[in-house]
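Participant: Take this structure first; my questions come after.
Derivation of every value follows stated rules applied to the coordinates shown; laboratory data play no part. Computed from a predicted structure; not experimentally measured. Neighbour counts run over all protein chains shown; Cβ positions are idealised from the backbone, glycine included.
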Amino acid sequence: MKVMIVVTHLLGSGHLARALTLGRAMLKAGQEVHIVSGGLPAPLLDRGEITLTQMPPVRSDGTDFARLLDAEGNPVSADYMASRADMLVDQLRQEEPDVLLTELFPFGRRVLRAEFTQLLEAAGGLPRRPFVAVSLRDILAPPSKEAKARFTSDMVAAHYDAVLVHADPDVVKLEQSWPVTKAIRDRLRYTGFVAPAPPTTPEAIIGRGEVIVSAGGGVGVGGPLFAAALAAAHQNPERRWRILIGGAQAPETIAKLKDLPDNALVEPARPDFRNLLCLAEASISLCGYNTALDILQTGCPAVFVPFDEGGEVEQTLRADALSRLPGIVTCRSAELSAASLLSRLDELQNAPRRPPSRTGMDGASETARLLARLAEEQR
């Protein structure tokens with residue numbers, strides 16, 4: 001079975017990371033996988049043996065997701081976007097996949113609706129139409145207008161065979177963040193959480209007893225968090241702090257950081273991030289889908305500072321849900337400071353240690369099994 005996954009990450013790299021995790025599980029299940037990525041290249045992510053085609057990349061202008069920029073930070077032109085759509089359709093016709101999986105669209109990425117619509121219409125015109133599904137994280141950004149929800153429902157009804165939510169319905173349901181119409185409900189499937197294989201406790205001592213501070217791979221994301229963490233490190237010399245800067249601009253960001261205390265190390269994001277968490281005293285981070293699962297799988301005590309710029313609520317909803325577990329606390333961005341971080345770390349010291357989560361994390365393998373069965377039933 002051939003699967004084509006189409007994904008564009010606009011701010012962080014989490015959407016692509018999740019698509020790659022799905023792709024690795026599909027390869028393991030004996031399926032052919034081709035990922036077409038339309039966001040900025042993310043060289044730290046493990047693509048393994050997956051075939052990955054890079055489209056002319058776009059990213060959002062910070063949290064303004066309606067304004068798209070190219071890799072150099074210039075506004076994209078109509079011709080630039082048309083070249084992306086043409087490339088998508090060309091890839092589809094070359095591959096003739098059994099399954100077409102769009103990441104987030106039509107529940108998000110409406111700024112890319114022209115290219116996605118062109119892709120879906122082309123899929124419907126193939127000699128053998130693929131099984132079409134959408135891949136969704138646990139919690140979405142709720143639609144700000146009824147018209148957006150209606151657009152999504154209409155697109156699902158017209159083009160999609162399945163709506164895959166990568167969550168455990170006993171933990172979180174789609175309707176908690178999105179209106180579920182009949183068209184969506186009839187196609188709704190929960191896969192469990194999509195996480196990589198759990199990390200093994202490393203023999204090395206890197207990260208042992210440290211506070212690991214991270215903000216994912218987004219361009220320009222995490223500045224206030226890093227500043228607060230460095231201020232906390234100055235005030236708290238007894239702890240060792242490791243601050244990981246992600247994104248393509250990491251070297252420039254690190255070069256701008258001055259007056260670092262002796263107990264703080266600032267470096268680019270590392271591929272062994274999850275191993276560091278196994279040994280850390282605590283993690284301080286945003287609360288994206290992938291980071292949240294890293295925290296659950298490693299059992300690392302965590303301070304979540306959910307990203308809420310531009311009216312974003314997804315991470316806040318996730319952080320609030322997870323803070324009911326032992327060893328997880330939240331700090332709103334409005335109260336972010338050195339003092340608030342140190343207070344949360346002291347709170348974690350008195351909390352019972354949370355064991356690593358191992359159940360409900362096999363969503364990638366379940367997605368591979370589910371798509372194989374559903375695609376076969378459609379033939």
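Participant: Tilt of helix 14-28 relative to the longest C-alpha principal axis of the chain, in degrees (0 to 90, nearest 10)?
Facilitator: Once rounded, the angle reads 60 degrees.
Participant: Using the Cα gyration tensor of the stretch 295-376, with a ≥ b ≥ c the square roots of its eigenvalues, what is the shape: rounded (a/c below 1.5), prolate (a/b larger than b/c) or oblate (neither)?
Facilitator: Oblate shape, in that a/c is at least 1.5 and b/c is the bigger or equal ratio.
Participant: Among 264-274, 8-18, 155-165, how do they line up by average Cβ neighbours within 10 Å per residue, starting with the highest?
Facilitator: Output ranking for 264-274, 8-18, 155-165: 8-18, 155-165, 264-274.
Participant: Same structure, new question: Nearest 20 debye, what's the magnitude of the dipole of the stretch 155-278 about its Cα centre given +1 on Lys and Arg Cβ and -1 on Asp and Glu Cβ?
Facilitator: Details: 13 positive and 13 negative charges, 43 e Å.
It works out to roughly 200 debye.
Participant: Which order do peptides 182-188, 282-288 fall in by mean Cβ count within 10 Å, highest first?
Facilitator: Taking the mean over residues of other Cβ atoms within 10 Å, the ranking is 282-288, 182-188.
Participant: Putting +1 on Lys and Arg Cβ atoms and -1 on Asp and Glu Cβ atoms, find which of A269, F304, P326 reaches farthest to the positive end of the dipole of the stretch 210-349.
Facilitator: Farthest towards the positive pole: A269.
Participant: Shape call for the stretch 256-323 from the C-alpha gyration tensor, a ≥ b ≥ c root eigenvalues: rounded (a/c under 1.5), prolate (a/b greater than b/c) or oblate?
Facilitator: oblate
Participant: Please rank I295, I328, fewest neighbouring Cβ atoms within 10 Å first, as an exposure proxy. Provide the component values of the computation, followed by the final result.
Facilitator: Working: I295 26, I328 23.
Lowest to highest Cβ neighbour count: I328, I295.
Participant: Treating only the Cβ of Lys, Arg, Asp and Glu as charged (+1, +1, -1, -1), what charge dipole size does the chain show about its Cα centre? Round to the nearest 20 debye.
Facilitator: 620 debye
Participant: Next question. Can you report the principal axis dimensions of the chain using only the alpha carbons, biggest first, rounded to whole angstrom?
Facilitator: Result, largest extent first: 66, 44, 41 Å.
Participant: Place the peptides 95-101, 67-73 in order of packing, highest mean first, counting for every residue the other Cβ atoms within 10 Å and averaging per peptide.
Facilitator: Top of the packing list down: 95-101, 67-73.
Participant: Also: Could you line up R84, R379 from fewest to most neighbouring Cβ atoms inside 10 Å?
Facilitator: Ranking R84, R379 by Cβ neighbours within 10 Å, fewest first, gives R379, R84.
Participant: Shifting gears a bit: Might you report the magnitude of the Cβ-based charge dipole of the stretch 210-349 about its Cα centre, with Lys and Arg at +1 and Asp and Glu at -1, to the nearest 20 debye?
Facilitator: Computed charge dipole of the stretch 210-349: roughly 140 debye.
Participant: Given axes a ≥ b ≥ c from the Cα gyration tensor, I'd like to know whether the stretch 207-281 is rounded (a/c under 1.5), prolate (a/b larger than b/c) or oblate.
Facilitator: Oblate, because a/c is 1.5 or more while a/b does not exceed b/c.
Participant: Here is a follow-up. Residues in the stretch 294-313, backbone N under 16 Å from the label point at T359 (7 Å along the Cα-to-beta-carbon vector): list them, ranges by number please.
Facilitator: Those under the cut-off are 297.
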